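The structure appears below as structure tokens.
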Amino acid sequence: MKILIIGGGNMGLTYAQSFLRSHICTPENMMILEKSEEKAAQLAQKNIGTVYGHAEECLDGADLIILAVKPQDAPTLFSSLKPLVDPQQVFLSIMAGVKIQSIQEGLEVSKIARAMPNLPAQIGRGMTVFTSSDQITRIELVMVQNLLSTTGKAIYAESEDAIDAATAISGSGPAYVWYFMNALMQSAQDMGFNYSESELLVSQTILGAMELYAASDFSCEEWIQKVASRGGTTEAALAAFEQNKLFGSIIGGAQAALERAVELGKT
Ligand SMILES: NC(=O)c1ccc[n+]([C@@H]2O[C@H](COP(=O)([O-])OP(=O)(O)OC[C@H]3O[C@@H](n4cnc5c(N)ncnc54)[C@H](OP(=O)(O)O)[C@@H]3O)[C@@H](O)[C@H]2O)c1
């Protein structure tokens, strides 16, 4: 199977490297189409596949085409690809907010998968939610899932609406964690730790809590109860969080992200 990645930026490169690292593809079967000459020259040094500057040179030979350009570049890309595509080719788009229907209309193709990855994909710890048009076969869907799984976990959603929800939870989610982390690091420094000590305290605490959670069957509430003894320090912190409506605030933030994702999808 020949894979063509269109857009050799952050995500395009992440996918190329993940496919090669997991031996799902060889450099001989990988093509990258990158319009920036400077980036194309850098990619060509990496031995991750053949790098092209024009769609006419590579589209023909591709079985699966990954669309990894910025959403605002989609209309120009579609008009350049449209005369070259074959209806049997499978397209996997990771462009935020670009609907399956827009891709079908823009390219006049029907076999489309649409995915929402997140940044930890860069280190194989990503979370991706994907969906597809009805015209994709089961075998093609398994192929897409296998590719996405090289960057972490990937789950299939029946409805395209789940992509907006995934954008609000797992897409933006790493930033929510870093926001919390930053606040806790600031507290640590206010209490006398230097920056690198506060970084270690907070990152190791989050990592430990996550790994403990993953290693057990307890819910978040059950784990909280294990740490928070009556009248103790954790209970004091949790009471302050509640007083400041932090729990509801986080839900409100995720909801705002969802509304924005839906809004962007309409433009
Ligand atoms: N980064 C994330 O965590 C993340 C998460 C989920 C989804 N996404 C989606 O992933 C997509 C790519 O994001 P990114 O961060 O990788 O962007 P990026 O670093 O800007 O990479 C996109 C690359 O595509 C090139 N390009 C634009 N139009 C092209 C064309 N017609 N033919 C060939 N190459 C073209 C751009 O070149 P120029 O620089 O010259 O324009 C750029 O090098 C976006 O649609 C984004 O919504 C990203």
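The values are calculated or read from the model by the stated rules, or taken from the named source; none is laboratory data. Owing to the predicted nature of the structure, the values given are computational and were not obtained by experimental measurement. Cβ atoms come from the backbone with ideal geometry, glycine included; neighbour counts cover every protein chain shown.
From the list LEU148, LEU141, LEU119, LEU107, the one residue that fits, being more than 22 Å from the chain's Cα centre (by Cα), under 22 Å from GLY12 (Cβ atoms) and in the same structural domain as ARG21 (by TED's automatic domain parsing), is LEU107. Helices (runs of 4 or more DSSP H) fully within segment 115-222 that include at least 3 residues being under 25 Å from ALA96 (Cα atoms) and more than 16 Å from the ligand (Cβ to nearest atom): 138-149. Condition check for SER229 on (1) surrounded by 11 or more Cβ atoms within 10 Å (Cβ to Cβ); (2) touching an Asp or Glu at 6+ places or on another chain (Cβ under 9 Å); (3) not aliphatic (A, V, I, L, M): one failure, at (1). When segment 63-97 is limited to residues that are assigned to a helix (DSSP H, G or I) and crowded, with 18+ Cβ neighbours inside 10 Å, the one that is nearest to the ligand (Cβ to nearest atom) turns out to be LEU77. If you go through segment 1-28 and keep only what is crowded, with 18+ Cβ neighbours inside 10 Å, in a helix (DSSP H, G or I) and more than 8 Å from the ligand (Cβ to nearest atom), you end up with TYR15, ALA16, SER18, PHE19, LEU20. Answer yes or no: is there a residue in segment 35-57 that is within 19 Å of GLU140 (Cα to Cα), more than 13 Å from the ligand (Cβ to nearest atom), not in a strand (DSSP E or B) and not β-branched (Val, Ile, Thr). No; the residues of segment 35-57 include none that is within 19 Å of GLU140 (Cα to Cα), more than 13 Å from the ligand (Cβ to nearest atom), not in a strand (DSSP E or B) and not β-branched (Val, Ile, Thr). Here GLU263 fulfils each of the conditions (1) loosely packed, with under 10 Cβ neighbours inside 10 Å; (2) in a helix (DSSP H, G or I) apart from (1).
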